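Any read-out appearing in this document is the output of simple, stated calculations on the displayed coordinates, not a laboratory observation. Worth saying up front: this structure is predicted, and the values here are computed from it rather than measured. Positions of Cβ are backbone-derived with ideal geometry, glycine not excepted, and every protein chain shown enters the neighbour counts.
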Amino acid sequence: MRSMVRDKTKLTRKYFLILATGLVVYVFFLYLFVDVGAIIAAIQLANPLYYSLAFLAIVMNVFFHSLTWWHLLRTLSIKASLKKIFSFIWIGNFVDILVPAESVSGEITRAYLMSHDSIDNTGRNTASIMSHRVIYTTMSLICFVISAMFFTMNSEMTSSLFSLTIIVLVGAMGTLSFLALLCLKRKLAWKIINSLLNLFDFIFRRRWNLAQFKPKIKQLLDEFYEGLKTLSNHPLSLVWPIMFSIIAWAFKMLIIFLVFISLSINVPFSAIVVVFSIIDTLQTIPLGIPGEVGFIDITMTGLFTALGIPPVISATATILSRVVTLWFNLLIGGIFVQWIGVKNIKGTIFRS
C-alpha cells in the first residue's frame with residue numbers, strides 16, 4: 001500500500017515537472033523572439049478591472065457547464081446538487097490539465113465521482129457526460145464556422161491561418177462524427193470496447209483476466225444507451241442544456257476579449273472567436289503534455305501575430321489568457337480536490 005502511494009506521489013510530481021518544463025520552453029521561446037522586458041511592461045499597464053472580469057468569466061463558464069450537466073442528469077432522473085456538480089466540473093478541469101489525456105481524463109473523473117455518489121446510475125451518468133460533450137462540441141463547431149466565414153469575408157486571412165482553420169474544422173467535425181456514431185451504433189461501440197479488452201489482455205499476457213469484466217461492462221453499456229434513448233425521447237429537455245452550453249462557450253471566449261480590452265487593443269471580434277476556437281479544439285488533442293504548456297502558448301502567440309497584432313502584445317495577451325484558463329483552473333481545481341477529498345479521486349486520476 002505504501003509503495004502504491006509512493007508511486008502515485010512520484011507520478012504527480014512527474015506531471016508537475018512536465019508542466020514546469022513546458023513553461024520553461026515558452027519562456028525560452030519568448031526570450032528568443034520577443035522583447036521580454038516589453039512584455040513585462042505591457043502586463044503592468046493592463047487595466048486591472050477588465051482583467052479581473054476575465055477571472056469572473058471563467059467562473060461563469062464553469063457555472064453554466066454545471067447547469068448543462070445538471071439539467072441532463074435531471075432528465076435522466078438522477079438527483080445531484082448543483083453545488084456538487086459545480087465542484088466536479090472544477091475537478092475534471094484540474095485532471096484535464098495534469099493528466100495528458102485531455103478532456104477524456106476529466107470526463108472519466110466526473111463519471112467516477114458521480115458514480116461514487118449514485119453507483120446504480122453509472123451508465124446513465126456516462127450518458128449525461130457524453131451528451132454534454134456532444135452538445136458543447138456541436139455548439140463550438142457551429143460558432144467556429146460562422147466566425148471563420150465572417151472573418152474571411154471582412155478581413156484578410158493569411159494562407160497559414162486559413163490552412164490551420166481548415167485542419168481544425170475537419171478535425172473537430174471528425175471528432176463530433178465519431179462521437180455521434182458511437183451514440184447511434186450500440187454494436188459498433190461494443191465491438192470497439194471488446195477489441196480493446198482483448199488487446200489489453202494480449203499485451204498484459206492475460207495477467208488481469210479482463211474477460212471477467214465483460215458482463216459488467218456490457219451491462220453498463222446497455223444502461224448508457226438507455227440513458228441516451230431517454231434523452232432522445234425528450235428533445236425539449238435539451239433546449240436548456242443547449243442554451244447553457246452556448247453561454248458557457250461565450251464566457252470562455254470572452255476571456256480573450258477582456259484580456260485585449262485590458263491591454264487597450266482593438267481586435268476584430270470574429271478574429272478572437274477564430275483563434276479561441278482553434279485553441280479550444282487543439283486542447284482536445286491528447287499530446288501527452290500536461291496543460292499543453294508550451295505548445296498551446298506558442299501556437300496562441302503565433303496566431304495572434306498572424307492576425308497582424310505586434311508580437312509583444314500577442315505574447316502578453318497569451319500569458320494573461322493562460323493565467324486565467326490554465327493556472328487559475330489548476331488552482332481552483334486543486335482546492336476542490338482537497339475539499340472533496342483526494343481519496344475519492346486519486347484512483348481515477350492515475351487510471352485515466
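Quick notes on this structure:
- Full-stretch length increase - ILE193, TYR31 - with 0.36 nm per residue and alpha-carbon distance subtracted: 53.7 nm
- For SER264 and SER159, the difference between the fully extended length at 0.36 nm per residue and the C-alpha to C-alpha distance is 35.0 nm.
- A simple spin-label model places the labels of ALA41 and VAL24 2.9 nm from each other, with each point 7 Å out along Cα-to-Cβ.
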